[in-house]
Amino acid sequence: MRSSNPVFSRRGFSRDNGYAGFNAAPQAGAPAVGANPYAQGAAANPYATNPYAQQDTRYGAPQAPARPDVMTIDDVVTRTAMTLGTVVLTAALSWALLPVDEANLGKSYGIAVGAALVAFVFAIIQSFKRKASPALIIAYAAFEGVFLGVISSTVSTYISPGTVMQAVMGTMCVFAGVLIAYKMRWIRVTRRFYGFVMAAAVGFVLLMMVNMLFSVFGGGDGLGFRSGGLGILFGVIGIILGACFLALDFKQVEDGINYGAPREESWLAAFGLTLTLVWIYLEMLRLLSILNGDD
């Protein structure tokens, strides 16, 4: 199954008992189609014990053979902390150094838009690279942080000083809630779940793009999907979609560890999680801005 996250879309995920996973090695007598890309050689036992992975006995996920330099949960946590730390650091710097008062708002907005475009380009380049590029991922995080810092500063200045902290806390709560639900198996990443999330995400993005086009050429909020009652509704939908993407990301990380993915894949896992958390934060910030702006 292809991942919804562009970072993982070329990693060769397949369905295993209805769940997303790295392509498993074939059973005895079966053709070698969809072999575990991280197994050592064609004769390697794909079910050999991996000291860095544990058997997912409930869902039948096979283990990769023991070998060094495989991805662990510590690797994912460390890389994710580095990328998110870079986002937070550059956001704080841009908040402090790029004022959003009336005299400097246009200049600050211009820098923020430019940073967002650069971050988007870096994200696209990394998504199409065959291997992770830590420098590229960190650069993406840095430019994304500049954009988020200016946007957050604007919301704090013109809407409510507490909105940004509320959005940060809300994003953390969504992350923790989805992680707990996933670990407790309340969320089951099945083929149907994946298809629903992808269909909903495509529809959501297309609708927001149409709204943006109407806003650019017609002024105001376009079709009104990002303000008022509709803005609240679509803000909630955006956050729910972000939560669903988190569940997919958690499954990809779990599969990478269980199947012995190379350690460099932890950078891609961190990149994917950062993309999703930025999505949730922006949707949370927009939703709270509408709610607090109506006070």
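The values are calculated or read from the model by the stated rules, or taken from the named source; none is laboratory data. Everything numeric here is computed off the predicted structure, so don't read it as measured data. Don't worry about glycine lacking a Cβ; one is built from the backbone with ideal geometry, like all the others, and counts go over all protein chains shown.
Might you check whether a residue that is crowded, with 17+ Cβ neighbours inside 10 Å and within 18 Å of L285 (Cβ to Cβ) occurs anywhere in region 118-134? The answer is yes, given that some residue of region 118-134 is crowded, with 17+ Cβ neighbours inside 10 Å and within 18 Å of L285 (Cβ to Cβ).
When G293, G242 are checked against the criterion of being within 27 Å of T163 (Cβ to Cβ), touching an Asp or Glu at 6+ places or on another chain (Cβ under 8 Å) and not polar (S, T, N, Q), G242 stands alone in meeting it.
On the basis of being in a helix (DSSP H, G or I), touching a strand residue (DSSP E or B) at 6+ places or on another chain (Cβ under 8 Å), aromatic (F, W, Y) and within 14 Å of A247 (Cβ to Cβ), does Y182 make the cut?
On the way: in a helix (DSSP H, G or I): yes; touching a strand residue (DSSP E or B) at 6+ places or on another chain (Cβ under 8 Å): no; aromatic (F, W, Y): yes; within 14 Å of A247 (Cβ to Cβ): yes.
It is false that Y182 is in a helix (DSSP H, G or I), touching a strand residue (DSSP E or B) at 6+ places or on another chain (Cβ under 8 Å), aromatic (F, W, Y) and within 14 Å of A247 (Cβ to Cβ).
Checking each residue in region 189-226 for being in a loop (DSSP other than H, G, I, E, B) and over 18 Å from the mean Cα position of the chain (by Cα) picks out G219, G220, D221, G222, L223, G224, F225, R226.
Being free of Cβ contacts under 8 Å to residues at least 40 places away in the same chain, farther than 15 Å from I280 by Cα and surrounded by fewer than 18 Cβ atoms within 10 Å (Cβ to Cβ) is the requirement here; does F204 meet it? Break it down stepwise before answering.
Details: free of Cβ contacts under 8 Å to residues at least 40 places away in the same chain: yes; farther than 15 Å from I280 by Cα: no; surrounded by fewer than 18 Cβ atoms within 10 Å (Cβ to Cβ): yes.
Here the answer is no, as F204 does not meet what is asked.
One line per residue, one yes/no per condition, for (1) within 19 Å of N292 (Cα to Cα); (2) in contact with a Gly (Cβ under 6 Å, 6 or more places away or on another chain):
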| site | (1), (2) |
| --- | --- |
| I159 | yes, yes |
| Y194 | no, no |
| V202 | no, no |
| M208 | no, no |
| S215 | no, yes |
| G228 | yes, no |
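Pairs are defined by a Cβ separation below 7 Å, a sequence spacing of at least 6 or placement on different chains, a first member in region 104-127 that is part of a helix (DSSP H, G or I), and a second member that is charged (D, E, K, R); the pairs so defined are A119/E144.
Taking region 180-201 as the range and being in contact (Cβ under 8 Å) with a residue 24 or more places away in the chain and among the aliphatic types (A, V, I, L, M) as the test, the residues that pass are A181, I187, V189, V197, M198, A200, A201.
Can you say whether A132 is out of contact with any His (no Cβ under 8 Å at 6 or more places or on another chain), over 19 Å from C244 (Cβ atoms) and touching a residue at least 12 places away in the same chain (Cβ under 8 Å), as far as the supplied structure shows? If you could, list the steps in order and put the result at the bottom.
Details: out of contact with any His (no Cβ under 8 Å at 6 or more places or on another chain): yes; over 19 Å from C244 (Cβ atoms): yes; touching a residue at least 12 places away in the same chain (Cβ under 8 Å): yes.
Here the answer is yes, as A132 does meet what is asked.
The residues of region 67-80 that are at pLDDT 90 or above and more than 19 Å from K183 (Cβ to Cβ), listed by number, are T78, R79. Just name the residue that is modelled with the lowest pLDDT out of those in region 107-162 that are basic (K, R) and within 22 Å of T80 (Cα to Cα). Applying the filter and picking the extreme gives R130. The number of residues in region 279-294 that are over 18 Å from G224 (Cβ atoms) and in contact with a helix residue (DSSP H, G or I) (Cβ under 6 Å, 6 or more places away or on another chain) comes to 7.
Counting residues in region 250-273 that are at pLDDT 85 or above, of a type in the set (K, R) and closer than 30 Å to G85 by Cα gives one or more. Consider region 240-268 and keep the residues that are polar (S, T, N, Q) and over 17 Å from P134 (Cα atoms). The one that is surrounded by the most Cβ atoms within 10 Å (Cβ to Cβ) is Q252. Filtered by the rule that a residue be in contact with a Leu (Cβ under 7 Å, 6 or more places away or on another chain) and either surrounded by fewer than 18 Cβ atoms within 10 Å (Cβ to Cβ) or not in a helix (DSSP H, G or I) (or both), region 227-239 gives I232, V236.
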